[in-house]
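To keep things clear, I will list the structure first and then write my remarks on it.
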Amino acid sequence: MGKQGAGKGGGGDRGGAVSRRTLIVGGAAAAVGVGLLARSDLAHMWWQVPGVDKPRTAGAVDFKGAEWVAAAAANWRRADRPDDYAIDRVIIHVTQGSYQGTLKVFKDPWHGAAAHYVVRQDGHIAQMIRELDVAFHAGNRDYNQRSVGIEHEGFVDRPQDFTAAMYAASARLTAGICRRYGIPVDRKHIIGHVEVPGTDHTDPGPHWDWDRYMKLVRAAHKQSTSESTSGTGRTGTAKA
């Protein structure tokens with residue numbers, strides 16, 4: 001986040017999307033009427049036509065051990081990633097608030113933003129949006145579509161908030177995401193919210209220890225690869 005409270009990160013997602021109602025009710029005429037800008041949206045949303053929609057398992061998580069806490073539907077967009085949008089980034093956030101406060105805000109439909117995961121200082125992880133769906137977290141539509149967002153409990157100006165348990169748990173989470181989608185484990189693909197083009201956020205801030213974090217992510221990724229753990233990350237049975 002990088003601002004006081006859980007800031008908005010929608011990046012214009014909701015305004016540009018073509019609704020399911022448009023596809024069903026409007027038919028071909030509506031598809032023509034939305035113009036050239038929306039053609040890419042239509043191409044990516046073919047699976048939302050009745051009879052094609054993918055089944056969802058209530059409460060299923062993509063990361064083993066995470067607790068499912070659903071974000072408000074207004075704070076994310078239904079998708080079928082990586083089939084419609086490739087996932088090639090993990091974006092690191094800091095909540096600028098408490099864990100419980102962040103969950104409350106992300107469950108508020110008026111907030112307009114939420115991340116896929118929230119990591120508590122003791123290492124507990126809540127998943128609020130499925131990885132296959134687009135979370136409004138980065139403040140940039142393109143980056144929202146291509147990334148998984150991870151919030152961390154604390155404040156950017158308090159280095160003591162970034163505990164060993166938090167770093168370790170988040171590193172395992174990020175390593176699992178990278179393994180599932182073939183994301184390189186480097187700083188080009190694992191970035192802070194501050195590095196997203198066009199953002200006005202500062203998180204994770206100067207006290208986030210990137211060297212420490214990346215070493216932990218690489219170690220966790222190497223371990224999970226050597227163990228050849230199976231799972232696709234799309235039905236809530238993935239191991240990470």
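Please list HIS124, HIS193 from largest to smallest accessible area, probe radius 1.4 Å, with all protein chains kept in place.
Values: HIS124 50, HIS193 0 Å².
Sorted descending by solvent-accessible area, the residues read HIS124, HIS193.
Which pairs, out of LYS104/LYS215; LYS64/LYS222; LYS188/LYS222; LYS64/LYS188, put more than 23 Å between their alpha-carbon atoms?
The pairs that break the limit, which is 23 Å between Cα atoms, are LYS104/LYS215; LYS64/LYS188.
The accessible area of ILE191, taken with all protein chains in place and a 1.4 Å probe, comes to roughly 10 Å². Ranked by solvent-accessible area (1.4 Å probe, protein heavy atoms only, all chains present), the residues TYR143, TYR99 order from largest to smallest as TYR143, TYR99.
Rank ARG180, ARG158 by accessible area, highest first, at a 1.4 Å probe radius?
Details: ARG180 35, ARG158 100 Å².
Sorted by accessible area, descending: ARG158, ARG180.
In the full protein context, the stretch 69-121 carries 34 Å² of accessible surface per residue, based on a 1.4 Å probe and ignoring ligands, DNA and RNA.
Taking amide H atoms as placed 1.01 Å from N in the peptide plane, the amide H of ILE190 lies under 5 Å from those of VAL90, each 5 or more residues away in sequence or on another chain.
First compute the accessible area of the stretch 93-168 with a 1.4 Å probe, then give the percent of it belonging to carbon and sulfur atoms. Numbers along the way, then the final one.
On the way: 1220 of 2320 Å².
Percent of accessible area from carbon and sulfur atoms in the stretch 93-168: 53.
Based on DSSP, what percent of beta bridges with both residues in the stretch 48-199 are antiparallel, to the nearest 5? Walk me through the numbers before you get to the answer.
Working: 6 of 20 bridges.
Antiparallel bridges: around 30 percent, rounded to the nearest 5.
Dimensions of the stretch 83-222 from C-alpha coordinates, computed as largest minus smallest value along each principal axis and given longest first, are 36, 35, 26 Å.
The values are calculated or read from the model by the stated rules, or taken from the named source; none is laboratory data. Remember, predicted model here, so these are calculated numbers, not experimental data. Please note that ligands, DNA and RNA were not included when accessible areas were found on the heavy atoms of the full protein model with its side chains. Shrake-Rupley method; radii C 1.70, N 1.55, O 1.52, S 1.80 Å.
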